[in-house]
Amino acid sequence: MDTPRDAGHPAPAHTPAAAPPGPCAPGGAPAPGPHAPAAEHGPGRPLPPEVPATGAGRPHAQAAPHPAHAPLPVHAPLPAPVPSVPGESAGGGFVPHPGDGGPRPASASAAGAGPVGTAYGAPAPAPGPAPLPAPAHVPAPAPLPAAPGAWQQYDPWSAPPAAGPVGPARRRKRRGALVAGAVALALLAGGAGGVAGAYIERYGGIDDISLPQVPGEAGGRNPESVAGIARAALPGVVTLHVRGNAEQGTGTGFVLDRQGHILTNNHVVEPAGTGGEISVTFSGGQTARARVVGQDSGYDLAVVQVQGVTGLHPLTLGDSDAVQVGDPVVAIGAPYDLANTVTSGIISAKQRPITAGGKKGDGSDVSYVDALQTDAPINPGNSGGPLVDARARVIGINSAIRAADSGSGGTDGGAQGGSIGLGFAIPVNQAKRVAEELINTGHATHPVIGVTLEMEYDGDGARVSAGGKGGKGGQAPVTPGGPGARAGLRPGDVITRVDGAPVHSGEELIIKVRSHRPGDVLTLTVQRDGAERSVRLTLGSSGRD
């Protein structure tokens, strides 16, 4: 191993020469021989005591003078390092050792006969009496191993730390501690990485969450979409709150004209009676008092009017006869007092015979409707609201539902079970005629055929009451001079068809007749004495309060 360049080359061993007379030992005796070279020490470090070769005396502490006349070889080769003794070369010369303060004393074999210096690094004895003579040949203790980097961290004022040799057991123990530490560090890092990975996977990073969002669509909607239909129809829809002496209720209506006429169901305004109160709330929140203009229980329709209200938005009336099954429709109302509620569906069927009401024992409140059926959700509070088509034109007035707990069709005032997808609306063609009559005259006319029917008949068709039983209120089964008598109808006849449409009961016959205007001509199929014949009948008119 090359020695550090700043330490210089080690001096070669000297050739024995005649030494100058040495100093005298105490008592005047000359020193027994030349001194062995003493070790050099760093500044301030105490010199190790010299041990005399004989017990005759103690040599002086100073080092033997270096012969100045001994020439040094110019290119003396460096001795090959022999790692037999740490810190010493093969020839006994000095090899700098990290942590030493300077050269070590040469061994006795290299220095020749003479005293052997103490091992470097042993603590200097405290001043005191002269030490006992040491044996002539004291083996030098093994030099202490230097810690890595000690050469660069050498402190000239401190003694080298004592350290013993590292045995295999200690190395295994240290290796085991390192392995355990590495495993613990790996587990900690893996756990931290797993937590961080789960957090990033769930939340997308350590920053605040920012969810993506697309901007809203600017502008309007397709006029034939539900949103477009609702936008066009809602300004003309109102909510009615009715209070009477013993009842109160909520319903819906819609504006007919700019004079403030509003169409709704009769059963909506009926709780007000003659001295009740009707309050109308428009879609914009404006509220006004209303009065009843006219009402008809047979058609379940009523007209009320508000005054002093500006900016009215009448709805356009369509043609219910032109409606086809499957056409899209929108229902608007206040189900359970939730105003301006919009639902959508289709026309499920046409000409559904529906009877509603019947709370009065005399049957005067029963309404007969040849209804449009829809699956648009209709609930209590939707009554009187508009059923509009894809162009926001009114084609029906929502009036009845078949509820899950009702077992039969009825108005929403009597069946409170909620919608099951079976809603019924009065066709607007029929409602238009009735509304016009209610506005103009205060009451509506009903088309009649001038006969009395057996409502208890359980056969197929509608049978005219047999002779001798009399009709309602003692009237004859066929009114003399009435439409039926002029068409040739007789007591006991069974009417099975109206304009080719089958009739299965007396109620269905009334509904078919009510769907027409007075003066319309109908073709009836009649069974008499086992034979079938057709008759033509022009509808008459009957006014009802």
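The values are calculated or read from the model by the stated rules, or taken from the named source; none is laboratory data. All figures in this text were calculated on a predicted structure; none of them were measured in a lab. Virtual Cβ from ideal backbone geometry, glycine too; neighbours counted across all protein chains shown. Heads up: the accessible areas ignore ligands, DNA and RNA and are worked out on the full protein's heavy atoms, side chains in. Shrake-Rupley method; radii C 1.70, N 1.55, O 1.52, S 1.80 Å.
Could you tell me whether any residue of the range 331-339 is in contact with a Lys or Arg (Cβ under 9 Å, 6 or more places away or on another chain), open to solvent by 50 Å² or more (accessible area, probe 1.4 Å) and in a loop (DSSP other than H, G, I, E, B)? No; the residues of the range 331-339 include none that is in contact with a Lys or Arg (Cβ under 9 Å, 6 or more places away or on another chain), open to solvent by 50 Å² or more (accessible area, probe 1.4 Å) and in a loop (DSSP other than H, G, I, E, B).
Close Cβ contacts (under 6 Å, 6 or more residues apart or on different chains) running from residues in the range 423-440 that are charged (D, E, K, R) to residues that are open to solvent by less than 10 Å² (accessible area, probe 1.4 Å) comprise E437/A444. Note on the range 233-265: among residues that are modelled with pLDDT under 95 and open to solvent by less than 40 Å² (accessible area, probe 1.4 Å), the one that is farthest from S344 (Cα to Cα) is G244.
All conditions but one from (1) over 20 Å from K350 (Cβ atoms); (2) in contact (Cβ under 8 Å) with a residue 12 or more places away in the chain; (3) hydrophobic (A, V, I, L, M, F, W, C) apply to I511; the one that does not is (1).
For L539, the conditions (1) surrounded by 13 or more Cβ atoms within 10 Å (Cβ to Cβ); (2) farther than 17 Å from R433 by Cα are fulfilled apart from (2).
Scanning the range 266-297 for residues that are open to solvent by less than 30 Å² (accessible area, probe 1.4 Å), among the aliphatic types (A, V, I, L, M), part of a strand (DSSP E or B) and without any contact (Cβ under 8 Å) to a residue 40 or more places away in the chain returns I278, A288.
Listed conditions (1) open to solvent by less than 30 Å² (accessible area, probe 1.4 Å); (2) within 59 Å of the chain's Cα centre (by Cα); (3) of a type outside the set (D, E, K, R) are all met by A487, apart from (2).
Scan the range 514-534 for residues that are open to solvent by 20 Å² or more (accessible area, probe 1.4 Å), of a type in the set (A, V, I, L, M) and either in contact (Cβ under 8 Å) with a residue 12 or more places away in the chain or in contact with a strand residue (DSSP E or B) (Cβ under 7 Å, 6 or more places away or on another chain) (or both) and the total you get is 1. When the criteria are applied in full, S320 meets the requirement of being crowded, with 22+ Cβ neighbours inside 10 Å, polar (S, T, N, Q), on the phi < 0 side of the Ramachandran plot and in contact with a helix residue (DSSP H, G or I) (Cβ under 6 Å, 6 or more places away or on another chain). Of all residues in the range 394-405, those satisfying the criterion of being crowded, with 16+ Cβ neighbours inside 10 Å and modelled with pLDDT under 90 are R402, A403. Close Cβ contacts (under 8 Å, 6 or more residues apart or on different chains) running from residues in the range 356-375 that are on the phi > 0 side of the Ramachandran plot to residues that are modelled with pLDDT of 70 or more and β-branched (V, I, T) comprise G357/V366; G358/V366.
D300 satisfies every condition listed in (1) buried (at least 19 other Cβ atoms within 10 Å of the Cβ); (2) at negative phi; (3) of a type outside the set (S, T, Y) except (2).
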